[in-house]
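This report refers to the structure that appears directly beneath it.
The values are calculated or read from the model by the stated rules, or taken from the named source; none is laboratory data. Treat the numbers as computed from the prediction; the structure is a model and nothing was measured. Positions of Cβ are generated from backbone atoms using ideal geometry, with glycine treated the same way; all protein chains shown enter the neighbour counts.
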Amino acid sequence: MKKVIVLFSVLITALVCSASANAGEVALTTIGQSPDAMMVRVLMKSLGIVPDYDAVMKPSALSNQKVFVAVVGGSSKGLGAAGINKEDEVKRSVELFKTAQKKKMKIVVMHIGGEGRRGALTDLFINTSVPYAETLIVVDGGNKDKIFDKLTKSKNIPIKTAVNVSAAKEPLKAVLAGYGVTK
């Protein structure tokens, strides 16, 4: 009976360890309070990656993660629900990016809202976020006016594209694997 209990304990420990193998490797937040980061969270989970997610993440939440993923999309409704104005959100995002840089985390900026999520509010957050990116993942329609191309031209920041949110899974998987986040 003791052998069965020990074997069961070993199996449970192995399952818990494998399930949390990626826990703590990726920090994920929204910049602009759109729901798009929740969709990226679902994509990550489908890749077996459990990100440290918080829509209103503070710099203190960045600790030992390898990668910081910021999903850009402005939402007036989301900002209001979070009790944040656009100026506070810009300040929060800059503090997050600077903290991630100090901690030598890889920074991935994503825009998966496409053309429908664009506008003056989102563009404010895009202009704030892109200069900190090491890699961008953008849904095709979101770069119709080439804003990402213009912002990355002098910095040589690679832009990975996807036709839609679901298709963003493959470039996300490749980028995270390239940064040492394994499945």
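Can you run down the residue pairs with Cβ atoms below 7 Å, 6 or more apart or on separate chains, where the first is in region 60-87 and under 26 Å from Lys103 (Cβ atoms) and the partner is assigned to a loop (DSSP other than H, G, I, E, B) and charged (D, E, K, R)? Here the result reads Ala61/Asp54; Leu62/Lys103; Gln65/Glu25; Lys66/Glu25; Val67/Glu25, each pair linking region 60-87 to a residue that is assigned to a loop (DSSP other than H, G, I, E, B) and charged (D, E, K, R).
If you go through region 146-163 and pick out every residue that is farther than 20 Å from Ser75 by Cα and touching a residue at least 12 places away in the same chain (Cβ under 8 Å), you end up with 10. You will find that of Thr152, Thr128, the residue that is under 30 Å from Asp88 (Cβ atoms), over 17 Å from the mean Cα position of the chain (by Cα) and of a type in the set (Val, Ile, Thr) is Thr152 and no other. Applying the criterion of being at pLDDT 95 or above and touching a Pro at 6+ places or on another chain (Cβ under 9 Å) to the residues of region 74-96, the residue that is surrounded by the fewest Cβ atoms within 10 Å (Cβ to Cβ) is Glu95.
Scan region 89-120 residue by residue and report those that are over 18 Å from Pro35 (Cβ atoms), in contact with a strand residue (DSSP E or B) (Cβ under 9 Å, 6 or more places away or on another chain), not aliphatic (A, V, I, L, M) and not in a helix (DSSP H, G or I). Within region 89-120, Lys103, Lys106 qualify.
Among residues that are surrounded by 14 or more Cβ atoms within 10 Å (Cβ to Cβ), assigned to a strand (DSSP E or B) and at pLDDT 95 or above, Ile126 is not included.
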